[in-house]
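> Sharing a structure here in structure tokens format.
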Amino acid sequence: MGMDQKVIFAREKAPTWPQFAGFMAAQKFPIDMRMIDGELSFPDETPPETWRELRVGTPAGMVTLRREPDGITLVTWGNADAKMRQAWNALTGAIAHLTGGQIRTSNGEMSLADFLASAELPKSEP
């Protein structure tokens, strides 16, 4: 069973993979590609603009991104450990930042600022 949270935004605000991966790299949180629409991919592969589902590798494990008409849902395992939940939240926050979107969690819909104030996030490197 998985856990999900969704970033809600207008379709035209969807970030490209290079924007997303570049933003994460700038945050010193590298990500790589694992699967594109159910097919294995190379870690440095760029998905087509029409992707429907991505599996993204983080230092803690993999997060699934599902594109929907009104945003992107991010899914991780229901038994994810603290580092995996932090990675899931970091990716969610990044997408919200890049799109200006709202975040819907099991606690309801919230702004990026409210999400960042309440979410488990990776510790910053000194």
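Please treat every number below as a calculation from the coordinates, not as lab data. As the structure is a computational prediction, the values presented were derived from the model and not from experiment. Note: ideal-geometry Cβ built from the backbone for every residue, glycine included; neighbour counts use all protein chains shown.
> Considering only the other residues whose Cβ falls under 13 Å of the Cβ of residue 48, what net charge follows from Lys and Arg at +1 and Asp and Glu at -1? Before the final figure, lay out each step's value.
Numbers: positive: 52, 67; negative: 37, 39, 45, 49, 53.
Around residue 48, the surrounding residues sum to -3.
> Per DSSP H run of at least 4 residues, take -39500 (n - 2.57); add these up for the chain, divide by its residues and hand me the 222 nm value, nearest 500 deg cm²/dmol. Provide the component values of the computation, followed by the final result.
Values: 3 runs with 35 residues, N = 126.
Value at 222 nm, helices only: -8500 deg cm²/dmol.
> While we're here: In sequence order, what are the phi-derived ³J(HN,Hα) couplings for region 35-42 according to the Karplus relation 6.51 cos²θ - 1.76 cosθ + 1.60 with θ = phi - 60°, rounded to whole Hz, with x for glycine and proline?
8, 10, 6, x, 10, 4, 9, 7
> If you keep only loop residues by DSSP, which GluC sites (Glu not before Pro) in region 1-53 have at most 11 other Cβ atoms within 10 Å of their Cβ?
Details: sites: 12, 39, 45, 49, 53; in loops: 45, 49.
In loop regions of region 1-53 (DSSP not H, G, I, E or B), the sparsely surrounded GluC sites (Glu not before Pro) are 49.
> So, one more: What shape does the chain take by its C-alpha gyration tensor, where a ≥ b ≥ c are the square roots of the eigenvalues and a/c under 1.5 counts as rounded, a/b above b/c as prolate, and the rest as oblate? Please list the in-between numbers first.
Details: a/c = 1.32, a/b = 1.13, b/c = 1.17.
Verdict is rounded for the chain.
> Same structure, new question: Would you mind computing, in nm to one decimal, how far apart the modelled labels at residue 106 and residue 37 are, each placed 7 Å from Cα along Cα→Cβ?
Calculated label separation equals 3.3 nm.
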